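First comes the structure, then the notes that go with it.
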Amino acid sequence: MTTAKLNIVPFVSVDRMMKLVLAVGVERFLTELAGYIEDDFRRWELFDKTPRIASHSHDGVIELMPTSDGQLYGFKYVNGHPKNMRQGLQTVTAFGVLADVGSGYPMLLTEMTILTALRTAATSAVVARHLAPRGARTMAIIGNGAQSEFQAIAFKALTGVDRLRLYDIDRSASLKCARNLAGMGFDITICETGQEAVEGAEIITTVTADKQSATILTDNMVGSGVHINAVGGDCPGKTELHKDILLRSDIFVEFPPQTRIEGEIQQLESDHPVTELWQVIAGKTQGRRDAKQITLFDSVGFAIEDFSALRYVRDQLQATGLYEELDLLADPDEPRDLFGMLLRAAMQPAA
Ligand code: NAD
């Protein structure tokens, strides 16, 4: 990157992010991002880890998600407001920062609404490589909103899923999802019910938005051997699965202290056994053990996945030039003369 001036911070706007994703190609972006996520899961023990800092309100939540590997520091600002969609606003929006631990200076400021959809999907697909039944090709996606296409493409790129069974309480969302994925090599069926969607599916992705304990999947909908990728339950009091499913499943989580507050497992006792995904990805413990096991990824989204995404974007900047230079940091000639810089600015002729 040619940012010799340290006060200039590269900024990736929504427009530049879209250009970046299209320039790299969505499948390649997801695949390469998955590699960064796997690398960071393998060195999980190095990171500062804390459950995200959440500010809950009646209609949603605003969260800060920080982490550091000792060299770099990253955080994401993200909201979750299910009712936004009815007002023409996104349910989830985000931006994030990557900084140099040595100087504390930010190195990147970027939009993360699109990036969150990409990192969530890439994480789900990374996890499915360890947990989904071998050779699985059919996935049900219940909830066909903003995240859904990203999930479908990540599973295709990383696991070989090419048959989709879509269901949403709002059929126009399923039609939108099918239209957006047309020509990408999927065989797509739009279903009338969640029950119909899960028929014949080896993987079930739930990615609905509702600020309540919903029951998107009931126990009778989940047959043996299925992998469940439960993405939408990611807040206290916001779940998607009936408790009985959890009791039949082997449950895999990102960071237990956060998932116990936010994930499907908030419905269980606080000592219910779960497996930490980093241990599976690092080869310290097994993922799927047998063909009959029900595996559940209780996804809530963890700061290290955002950190991986920030690292990936930073590494694309030099080759693509897809960023703007942001005058974000005060930079007096003499570091202690901050006030003098202000006085000199007053003497500059008005632009
Ligand atoms: P969105 O509002 O764009 O889409 C949600 C869809 O779910 C809508 O089309 C809605 O009609 C549908 N829906 C709601 N209730 C339903 C039900 N009972 N049955 C079937 N469909 C139903 O939201 P989004 O951006 O796609 O996000 C979806 C969910 O994923 C949200 O809850 C969000 O908080 C969560 N999320 C999780 C992560 C993570 O890392 N785990 C990351 C991003 C988003």
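The values are calculated or read from the model by the stated rules, or taken from the named source; none is laboratory data. Quick caveat, the model's predicted, so the values are computed rather than measured. Every residue, glycine as well, gets a Cβ built from its backbone with ideal geometry; the counts of neighbours run over all protein chains shown. The accessibility values were calculated without ligands, DNA or RNA, using every heavy atom of the protein model including side chains. Shrake-Rupley method; radii C 1.70, N 1.55, O 1.52, S 1.80 Å.
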Förster radius 51 Å - calculated FRET efficiency between residue 193 and residue 320 (Cβ-Cβ, nearest 0.05):
0.70
Note down the magnitude of the dipole of the chain about its Cα centre, charges +1 on Lys and Arg C-beta and -1 on Asp and Glu C-beta and zero elsewhere, to the nearest 20 debye.
560 debye
Could you report the accessible area of residue 8 in Å², rounded to 10, computed with a 1.4 Å probe on the protein chains as they sit in the structure?
30 Å²
Just to be sure I understand: with springs between alpha-carbon atoms less than 10 Å apart, which residue in 125, 309, 182 has the highest mean-square fluctuation in the Gaussian network model of the chain?
182
If you rank 238, 243, 176, 76 by how much accessible surface each has, with a 1.4 Å probe, what is the order from largest down?
243, 176, 238, 76
With labels modelled as points extended 7 Å from the Cα through the Cβ direction, what inter-label distance (nm, one decimal) is found for residue 218 paired with residue 105?
6.1 nm
Roughly how many debye, to the nearest 20, is the charge dipole of the stretch 135-242 about its Cα centre, given +1 on each Lys and Arg Cβ, -1 on each Asp and Glu Cβ, and no other charges?
260 debye
Under the rule rounded for a/c under 1.5, else prolate if a/b exceeds b/c, else oblate, using alpha carbon gyration tensor axes a ≥ b ≥ c, the stretch 171-211 is classed as oblate
Of 87, 339, 108, which is farthest towards the positive pole of the chain's charge dipole, taken about the Cα centre with +1 and -1 on the beta-carbons of Lys, Arg and Asp, Glu respectively?
87
Using a 1.4 Å probe and counting only protein heavy atoms, arrange 240, 269, 199 so the residue with the most accessible area comes first.
269, 199, 240
Heavy-atom SASA rank of 186, 95, 307 (probe 1.4 Å, accessible area, largest first)
95, 186, 307
Going through the DSSP H helices of the chain, which span 18 Å or more along their own axis at the Cα atoms while scoring at least -0.5 as a mean Kyte-Doolittle hydropathy?
26-42, 113-131, 303-320
Over the chain, what relative contact order in percent results from Cα pairs under 8 Å that are six or more residues apart?
21 percent
Is the shape of the chain best called rounded, prolate or oblate, per the rule: a/c under 1.5 gives rounded, else a/b larger than b/c gives prolate, else oblate, with a ≥ b ≥ c the square roots of the Cα gyration tensor eigenvalues?
prolate
Given 83/176; 76/284; 176/284; 176/292; 83/292; 19/176, which pairs have Cα atoms separated by over 31 Å?
176/284; 176/292; 83/292
Where a ≥ b ≥ c are the square roots of the eigenvalues of the C-alpha gyration tensor, would you call the stretch 173-310 rounded, which needs a/c under 1.5, or, failing that, prolate if a/b is larger than b/c, or oblate?
rounded
Select from 166, 328, 131 the residue whose mean-square fluctuation is largest in a Gaussian network model of the chain (Cα-Cα springs shorter than 10 Å).
328
Work out the length of the dipole vector of the stretch 2-58 about its Cα centre, built from +1 on the beta-carbon of each Lys and Arg and -1 on the beta-carbon of each Asp and Glu, and round it to the nearest 20 debye.
220 debye
How large, in percent, is the carbon and sulfur part of the accessible surface of the chain at a probe radius of 1.4 Å?
53 percent
Per residue, what accessible area does the chain have, given a 1.4 Å probe and all protein chains present, in Å²?
45 Å²
Can you tell which of 68, 29, 11 lies farthest toward the positive end of the dipole of the stretch 1-69, using +1 and -1 charges on the Cβ of basic and acidic side chains (Lys, Arg; Asp, Glu)?
11
So if we plug the beta-carbon distance of residue 244 and residue 328 into 1/(1 + (r/R0)^6) with R0 = 41 Å, what FRET efficiency do we get, rounded to 0.05?
0.20
How long is the gain from residue 343 to residue 32 if the chain were fully straight, where each residue apart is worth 0.36 nm and the alpha carbon distance is subtracted?
107.2 nm
